[in-house]
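Notes to accompany the following structure.
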Amino acid sequence: MTTLLQSFIGGRWIGAQPAQALRSAINGETVAHTHAEALDFGEAVDYARRVGLPGLLALDFQQRAARLKALAKYLGERKEELYAISAHTGATRVDGWIDIEGGSGTLFSYANVGAGELPSGNLIHEGPALNLGKKGLFGGTHILVPRGGVAVHINAFNFPIWGLLEKFAPSFLAGMPCIGKPATATSYLTEAMVRIVNESGILPAGALQLVIGSTGDLLDRLDGRDVVTFTGSADTAAKLRVHPNVVRHSIPFNAEADSLNCAILAPEVTPDDEEFDLFVKEVVREMTVKAGQKCTAIRRAIVPRQHLDAVAERIAARLAKVVVGDPSVEGVKMGALASHAQQADVAERVALLRQDAEVVFGGGAGFAPVGEGTANGAFFPPTLLLARNPLANSAVHDVEAFGPVSTLMPYDGVEEALQLAARGQGSLVCSLVTKSPETAATMVPALAALHGRVHVLDRESAPESTGHGSPLPVLKHGGPGRAGGGEELGGLRAVTHLLQRAAVQGSPTMLTAVTREYVRGGKVTETGVHPFRRHFEEIQIGESLLTASRVIRDEDVHAFGHLTGDMFYMHFDDEAAKASPFGQRIAHGYLVLSDAAGLFVVAEPGPVLANYGLDTLRFVKPVAIGDSIQVRLTCKRKIDRNKKDANGNGQGVVAWDVEVKNQHGELVASYDILTLVAKKG
């Protein structure tokens, strides 16, 4: 770790004169200084646009996904360096794992999203295409493209690595160069991570810049192509949201703000139930992991009034076993707050809460964290409060102590529990601990209206549950109201948030050319060679084959029924079929599908290696006994995932549009087939 922190702007490290001293949360000793030099944010934005953006867009979605995967592996190889620095933030090994390996794990997750769900190229066709004319000559669809702008990510102090990487990963996939601004208190850990990223050489120049210290006039340098994301306090989010330049240019602003998240113990759970102990463990875990410094931590524990004393006793008993101190000391389970300023802030807010709440555990004069020098650290004791009349107490629903602090509050009846949950005015997450599916079905829809995520916990899910406070890359992270109203993470959803959506209108042929995905009605190409005999590089979008016809015979229907066991009356009972809406016996839909495959499949070995999927299947019109079918097979899209098999041979994915029509030219079945196709080399 460098003792003088530097910003990484314009492709170079800036900072030679020390400024603010940053102290260890463990013993109060200075571990680093910010730099005194002012930054030229005009240069930072210009470098991102002039160098970073072209470098990113020279790669496609698939290639950027591959870079994310490589970076995740590289950070994993250097993680111990980061763990050593993370200790100064007050984090235990478990706390550091969430931040450090959670960060690289998020990169892996988005690498998988890119490889598995995004196309080759830098345009996503967000279909389906719609026919807007009577003759099929004019249509419309939606596309998603890179915005051509810069992503500014302003982060909180509690997750110096994950906080930046969970925003960087979808931004990078979306083709946006990033300028990251970590909270100053723990910026020494972010700076160390960015140095490792830069040393890897994996990212294109300008893809990631780092600001140590103030953002100055950075937001004034942005325009409508750019985006701003923020994680931190609701008050700061509100100020940034109305920044004049952000408002003037309608710059997308995403906020993930600290919120008064709650956990509810359902009314049917008793102290003898396994779910009762699950609730207690969850509350204690959220109070002590990261010393309660998580935007998703449980701040309000809402319990049935008849079980209030039992819950309080069990939580207090578990908290009494938590050893607080220097994480390097064996047996320590909870570390320090991230800074001395944070320690003072939490103490002030607990004092406000105590005006209308009593202390159940903590808050005494005898608190002494273990370890040498910890008296000078930023430690705070786990503190459990109790608000006996929470409906009349506004402080517990308005004041957040961002540390190892939670408040118990009793309720009488489900409606009152929901009312208390809603008093948080919008939260990131709510946990409902219940053993009743009926209770979950009743309460979850109401809770979902004011919470970004609802975590339902019972004995069945407990062995695999990731817990109340764990945002996952594949699920949305964010919440309404006080929580900021934004959305982060969520897999592909997070990437598409950062792209520009546009409607495109034109002929099917033009839509095919723009989207690089065949739109029905567009011009097709018939080469005279069966498409299944051509390698990945040779196949063209719109390359098509019209097969011969085949009659669906009565003996085929009987044979298929006996082979599969599907003896549904519509296929075999003339009298019953006549009384049906179809008025006659019809062929099995899957017989039609199988016969269609027989019309276009090539029997001999060739470039098509495997059929691994079938999408968008619709049986549009019944096929009667004696009808004939014919298939139009057309290359719909190609995805080059830059993968090779065990022998080093390249492969790509081809999606084929399949239209099955009857002897009258009427569409009877429609679907996409996904095939793995070999490359020439």
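Would you tally the residues in the range 388-427 being surrounded by fewer than 24 Cβ atoms within 10 Å (Cβ to Cβ) and among the hydroxyl-bearing types (Ser, Thr, Tyr)? Residues that pass the stated criteria total 2. Of all residues in the range 559-585, those being surrounded by fewer than 14 Cβ atoms within 10 Å (Cβ to Cβ) and in a helix (DSSP H, G or I) number 9.
Condition check ((1) assigned by TED's automatic domain parsing to the domain that holds residue 231; (2) in contact with a Pro (Cβ under 9 Å, 6 or more places away or on another chain); (3) free of Cβ contacts under 8 Å to residues at least 40 places away in the same chain; (4) part of a strand (DSSP E or B)) across all residues:
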position: 127; (1), (2), (3), (4): yes, no, no, no
position: 166; (1), (2), (3), (4): yes, yes, no, no
position: 176; (1), (2), (3), (4): yes, yes, no, no
position: 179; (1), (2), (3), (4): yes, no, no, yes
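Would you say residue 485 is assigned to a loop (DSSP other than H, G, I, E, B), in contact with a strand residue (DSSP E or B) (Cβ under 9 Å, 6 or more places away or on another chain) and buried (at least 20 other Cβ atoms within 10 Å of the Cβ)? Spell out how you get there, then give the answer.
Working: assigned to a loop (DSSP other than H, G, I, E, B): yes; in contact with a strand residue (DSSP E or B) (Cβ under 9 Å, 6 or more places away or on another chain): yes; buried (at least 20 other Cβ atoms within 10 Å of the Cβ): no.
For residue 485, the condition - assigned to a loop (DSSP other than H, G, I, E, B), in contact with a strand residue (DSSP E or B) (Cβ under 9 Å, 6 or more places away or on another chain) and buried (at least 20 other Cβ atoms within 10 Å of the Cβ) - is not met.
At least 3 residues that are more than 26 Å from the chain's Cα centre (by Cα) and not assigned by TED's automatic domain parsing to the domain that holds residue 434 in each: list the helices (runs of 4 or more DSSP H) lying fully within the range 232-332 that qualify. So that I can check it myself, show each step before the final result.
On the way: elements: 234-241, 244-248, 274-288, 308-319.
Ranges flagged: 244-248.
Would you please name the residue that is surrounded by the most Cβ atoms within 10 Å (Cβ to Cβ), looking only at residues in the range 33-91 that are part of a helix (DSSP H, G or I) and polar (S, T, N, Q)? Checked the range 33-91; the qualifying residue surrounded by the most Cβ atoms within 10 Å (Cβ to Cβ) is 89.
Report, by residue number, each residue of the range 333-361 that is of a type outside the set (A, V, I, L, M, F, W, C) and in a loop (DSSP other than H, G, I, E, B).
Our first condition is that a residue be of a type outside the set (A, V, I, L, M, F, W, C); within the range 333-361, this holds for 333, 335, 339-340, 342-343, 345, 348-349, 354-356, 358.
Once the filter is applied, which keeps residues that are of a type outside the set (A, V, I, L, M, F, W, C) and in a loop (DSSP other than H, G, I, E, B), the range 333-361 yields 333, 335, 339, 354, 355, 356.
One residue alone among 427, 436, 461 is within 20 Å of residue 390 (Cα to Cα) and of a type in the set (Ser, Thr, Tyr), and that residue is 427.
Does residue 131 qualify as being in contact with an Asp or Glu (Cβ under 7 Å, 6 or more places away or on another chain) and either surrounded by fewer than 23 Cβ atoms within 10 Å (Cβ to Cβ) or over 28 Å from residue 295 (Cα atoms) (or both)? Working first, answer last.
Values: in contact with an Asp or Glu (Cβ under 7 Å, 6 or more places away or on another chain): no; either surrounded by fewer than 23 Cβ atoms within 10 Å (Cβ to Cβ) or over 28 Å from residue 295 (Cα atoms) (or both): yes.
So residue 131 does not fit the description; no.
Mind listing whichever residues of the range 488-506 are part of a loop (DSSP other than H, G, I, E, B) and in contact with a strand residue (DSSP E or B) (Cβ under 7 Å, 6 or more places away or on another chain)? If you could, list the steps in order and put the result at the bottom.
So the first thing to find is which residues in the range 488-506 are part of a loop (DSSP other than H, G, I, E, B), and the list is 490-491, 498.
Listed by number, the residues that qualify are 490, 498.
Of the residues making up the range 621-655, those that are in a strand (DSSP E or B), in contact with a helix residue (DSSP H, G or I) (Cβ under 8 Å, 6 or more places away or on another chain) and modelled with pLDDT of 85 or more are 629, 630, 631, 633, 635, 639, 640.
The rows are residues; the columns are (1) in contact with a Ser or Thr (Cβ under 8 Å, 6 or more places away or on another chain); (2) closer than 18 Å to residue 90 by Cα; (3) touching a residue at least 24 places away in the same chain (Cβ under 8 Å).
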| residue | (1), (2), (3) |
| --- | --- |
| 261 | yes, no, yes |
| 274 | no, no, yes |
| 282 | yes, no, yes |
| 297 | yes, yes, yes |
| 304 | no, no, yes |
| 314 | no, no, yes |
| 318 | no, no, yes |
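Being modelled with pLDDT of 90 or more, touching a Leu at 6+ places or on another chain (Cβ under 8 Å) and either among the aromatic types (Phe, Trp, Tyr) or not in a helix (DSSP H, G or I) (or both) is the requirement here; does residue 107 meet it? Walk me through it before giving the result.
Details: modelled with pLDDT of 90 or more: yes; touching a Leu at 6+ places or on another chain (Cβ under 8 Å): yes; either among the aromatic types (Phe, Trp, Tyr) or not in a helix (DSSP H, G or I) (or both): no.
Spelling it out, it is not the case that residue 107 is modelled with pLDDT of 90 or more, touching a Leu at 6+ places or on another chain (Cβ under 8 Å) and either among the aromatic types (Phe, Trp, Tyr) or not in a helix (DSSP H, G or I) (or both).
Let's see how each residue does on (1) without any contact (Cβ under 8 Å) to a residue 60 or more places away in the chain; (2) in contact with a strand residue (DSSP E or B) (Cβ under 6 Å, 6 or more places away or on another chain); (3) under 26 Å from residue 477 (Cα atoms); (4) not assigned by TED's automatic domain parsing to the domain that holds residue 297:
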site	(1), (2), (3), (4)
147	no, yes, yes, yes
159	no, no, yes, yes
190	yes, no, yes, yes
213	no, yes, no, yes
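Search the range 517-546 for residues being surrounded by fewer than 17 Cβ atoms within 10 Å (Cβ to Cβ) and of a type in the set (S, T, N, Q), and hand back the single one that is farthest from residue 137 (Cα to Cα). Ranking the candidates gives 527 first. Give the residues of the range 448-474 that are closer than 20 Å to residue 99 by Cα, of a type in the set (Gly, Ala, Ser) and without any contact (Cβ under 8 Å) to a residue 12 or more places away in the chain, sorted by residue number. Hit for the range 448-474 is 465, nothing else. Any residue in the range 655-674 that is within 18 Å of residue 538 (Cα to Cα) and loosely packed, with under 12 Cβ neighbours inside 10 Å? No - not one qualifying residue is present in the range 655-674.
The values are calculated or read from the model by the stated rules, or taken from the named source; none is laboratory data. These numbers were taken from a predicted model, which means no experiment stands behind them. Here the Cβ is made from the backbone with ideal geometry for all residues, glycine too, and neighbour counts use every protein chain on show.
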